[in-house]
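Every read-out reported here was derived from the displayed coordinates using simple, explicitly stated rules and does not represent laboratory data. Computed from a predicted structure; not experimentally measured. Here the Cβ positions follow ideal geometry from the backbone for every residue, glycine too, while neighbour counts run over all protein chains shown.
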Amino acid sequence: MAEMDLMEKIVSLCKRRGFIFPGSDIYGGLAGTWDYGPYGVELKNNVKQLWWKMFVQERDDMYGVDAAILMNPKVWEASGHVSGFSDPLVECKKCHHRFRADQVGDKCPDCGGEFGPVRQFNMMFKTTVGATEDATSISYLRPETAGGIFVNFKNVVDSIHPKLPFGIAQIGKAFRNEIAPRDFVFRSREFEQMEIEYFVRPDEWKEAFEEWRRNVHLFNDAVGIHDSFVHELEVADGDRAHYSKRTIDFEFDFPFGRKELYGLAYRTDFDLSAHQDSSGATLSMQDKEGEPALVPHVIEPSFGVDRTVLAILSSAYTEDELGGEKRAYLKLVPAIAPVKAAVFPLLKNKPELVAKAREIYMMLKRDIVQVMWDDNGNIGKRYRRQDEIGTPYCITIDFDTLGERPELKDTVTLRDRDTGEQKRVSIGELVGRIKS
Ligand code: ATP
């Protein structure tokens, strides 16, 4: 498949089938914003829930927070974002279009004009808080979720009393006024992050770094991101942020090229020390009896939700031929699929079939929840529709289910998305099969 071609197909499927739409669509959009539709929001929620389960709920050394998006501006002064969270910007002298200096050549790609000097453009969205608009009311939409974790370090330590090593996790929106949003949800101005600050004793950072490095691959595997498309890039000394002693970018072969999917950084005690100096709060903790209090060091795995969704869609998009017909489908892992199973009555004008199918649908919905009803069009069309949204199983209720052939009473056909294979199974087996 030609690579750009693949991206167009994914974007088109996402819009056509209700996964992702351009933001403010009926008004012509708003650059760098995207809206998740009915299937997209289910898929995205599945990603976030799986991450939370794997990295917070299944562990006993992790604590979650959900901090406010608006924070005291001093947070972003201490973290260095106010002075340094910027990208290099150039403006064309002729058409005045603006570009990221590191993403264009010498001439304006729109009109061929000369560029003016490079200047730094701060990517934080500024807003004002309260009824008066002056310098004291300025605040920012958070550019990353990590800030909300660091300012709650003391609250978590004082209320939960964890011992090192332990981590604090947060999932939520982040905002960056990107100069050039592009590549669908890969680079947008409003997006979601899943971040962890894992606090360690200074001499134990290497072990924790390796553990989170392995965890990134385990997560990719669980959500169906093909590991063969993921590459670790060890960020060289000169390219790392000054406070980071080691950084690995996890890059993914997106249809538009190899780009950052996640980051993993050892940030020393830079953040806690900076917030301690700036706020005056004590951000050290007593880890062991008889030892002086210490400011923990931190390992930060940072996952972008939307880039995860795009990597999942790129991994899952498949074209093949089934029964002599070409088809396009999403080979999503069941844990991530927005719909786990679809239930069809063979014919929608036969009340006894519809009633039985409805009964089975309600039974499955109680247990599996992400189950869909579809009685529209012929069965072949319904299969294609479900394949396109990545539904692993389709269940058809026919006259045999009702007992036309007595030996098949209370059985249904269970069709597998990937092979197209159909099996006759008893109603009682369905939940187990779909969940396995
Ligand atoms: P890039 O170099 O691609 O701009 P970054 O290095 O600035 O990314 P981080 O600050 O490390 O990104 O952010 C952590 C994660 O948040 C990224 O790995 C990515 O998954 C996600 N992310 C960052 N910026 C965006 C964006 N504009 N749109 C969507 N996701 C983003």
Rounded to 0.05, the calculated FRET efficiency for the beta carbons of residue 362 and residue 54 at R₀ = 30 Å is 0.45
Return the FRET efficiency for the residue pair residue 103, residue 407: r is the Cβ-Cβ distance, R0 is 60 Å, and the value is rounded to the nearest 0.05.
0.35
Check: the chain dipole with +1 on Lys, Arg Cβ and -1 on Asp, Glu Cβ, in debye
1420
Using +1 on the beta carbon of Lys and Arg, -1 on that of Asp and Glu, and nothing else charged, what's the dipole of the stretch 149-249 about the Cα centre, debye to 20?
340
Cross-link table 44/173; 163/288; 94/259, entries beyond 20 Å C-alpha to C-alpha
94/259
For the stretch 163-170, Karplus couplings with θ = phi - 60° (6.51, -1.76, 1.60), whole Hz, Gly/Pro x:
10, 6, x, 8, x, 10, 10, 8
Sorted by chain and then number, the residues having a modelled amide H within less than 5 Å of the amide H of residue 262, at least 5 places away or on another chain, are 250
With unit charges on the beta carbons (Lys and Arg positive, Asp and Glu negative) and the dipole taken about the Cα centre of the chain, which residue among 235, 296, 108 sits farthest to the positive side?
108
So for the chain, taking the charge dipole from beta-carbon charges (+1 Lys/Arg, -1 Asp/Glu), which of 286, 205, 130 sits furthest toward the positive end?
130
Compute the separation of the alpha-carbon centres of the stretch 25-82 and the stretch 90-128 and state it in Å as a whole number.
29
Residue 97's amide H: which non-local residues (gap 5+, or another chain) put their own amide H closer than 5 Å, with H modeled 1.01 Å from N in plane and none for Pro or chain starts?
92
Between the stretch 251-289 and the stretch 141-158, what is the separation of their alpha carbon centroids in Å?
11
Under 20 Å between C-alpha atoms, the lysine pairs in the stretch 339-435 lying 8 or more places apart or on different chains count 18
Among 324, 179, 379, the residue whose Cα sits farthest towards the positive end of the charge dipole of the chain, when +1 is placed on the Cβ of each Lys and Arg and -1 on the Cβ of each Asp and Glu, is 379
Does a label point 7 Å from the Cα of residue 132, set along Cα-to-beta-carbon, have any residues of the stretch 70-98 with amide nitrogen under 11 Å, and which are they?
none
How far is it, in nm, from the label point at residue 158 to the one at residue 325 when both lie 7 Å from their Cα along the line to the Cβ?
6.4
Under the rule a/c < 1.5 gives rounded, and otherwise a/b versus b/c splits prolate from oblate, where does the stretch 339-435 land using the Cα gyration tensor?
rounded
For residue 23, residues with placed amide H under 5 Å, excluding near neighbours:
30, 33, 34, 35
Counting each DSSP H run of 4 or more residues in the chain as -39500 (n - 2.57), what helix-only mean residue ellipticity at 222 nm follows after dividing by all residues, to the nearest 500 deg cm²/dmol?
-9000 deg cm²/dmol
I'd like the Karplus ³J(HN,Hα) series for the stretch 84-101: coefficients 6.51, -1.76, 1.60, θ = phi - 60°, whole numbers in Hz, and an x wherever there's a Gly or Pro.
x, 8, 9, 10, x, 10, 10, 10, 6, 5, 8, 9, 6, 6, 10, 9, 7, 4
Of the GluC sites (Glu not before Pro) in the stretch 365-431, those whose Cβ has at most 11 other Cβ within 10 Å and which sit in DSSP loop:
404, 421
When a footprinting reagent is the concern and you count Cβ atoms within 10 Å, what order do 315, 279, 24 take, fewest first?
24, 279, 315
Excluding same-chain residues fewer than 8 positions from residue 93, which lysines have a Cα within less than 21 Å of its Cα?
107
At R0 = 56 Å the Cβ-Cβ FRET efficiency linking residue 229 and residue 114, nearest 0.05, sits at 0.90
Among 185, 129, what is the fewest-to-most ranking by other Cβ atoms within 10 Å?
129, 185
About its Cα centre, what dipole magnitude does the stretch 339-435 give when the only charges are +1 on Lys and Arg Cβ and -1 on Asp and Glu Cβ, stated in debye to the nearest 20?
220
Inter-centroid distance (Cα atoms) of the stretch 178-243 relative to the stretch 333-357, Å:
39
Which residue, 72, 376, 349, tops the fluctuation ranking in a GNM of the chain built on C-alpha contacts under 10 Å?
349
Using each residue's phi in the stretch 300-313, evaluate 6.51 cos²θ - 1.76 cosθ + 1.60 at θ = phi - 60° and report the 3J(HN,Hα) Karplus result to the nearest Hz, with x for Gly and Pro.
10, x, 10, 10, x, 5, 5, 5, 4, 4, 5, 5, 5, 5
Cross-link partners among lysines for residue 206, C-alpha distance below 16 Å, same-chain residues fewer than 8 apart left out?
245
